[in-house]
Amino acid sequence: MTERSRVSSAMYFPPYLKPGDAIRVIAPAGVFGRGVFEEGLTYLREKGFEIRLTERIFENHRYFAGTDDA
């Protein structure tokens, strides 16, 4: 029995991601280190995923990831 078969049949599980699929990266609520972030993007690209993001992901306002107007 697989892990998925033990879960209620009422739950929906989308297909697994595969190389070539797109992943949209969004900003967390707080400021983050760009170096570690770039390492994560490199890892995903090496796995064959298409990364989608905007440069606005790097905006910050004090200790937040941007303003409410963004």
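Can you compute the modelled spin-label distance between Phe13 and Phe37, with each label point 7 Å from Cα toward Cβ, in nm?
3.3
So what J values fall out for segment 49-59 if you push phi through Karplus, 6.51 cos²θ - 1.76 cosθ + 1.60 with θ = phi - 60°, rounded to Hz, Gly and Pro as x?
Whole-Hz 3J(HN,Hα) from phi for segment 49-59: 8, 8, 9, 10, 7, 10, 5, 5, 4, 8, 5.
Using amide H atoms built 1.01 Å from N in the peptide plane, name the residues 5+ places from Ile23, or on other chains, whose amide H lies under 5 Å from its own.
Counting only residues 5 or more places away or on other chains, the set is Glu50, Ile51, Arg52.
Throughout, read-outs are computed from the coordinates displayed, never taken from laboratory work. What you are looking at is a predicted structure, and each value in this text was computed from that prediction instead of being measured. Note: ideal-geometry Cβ built from the backbone for every residue, glycine included; neighbour counts use all protein chains shown.
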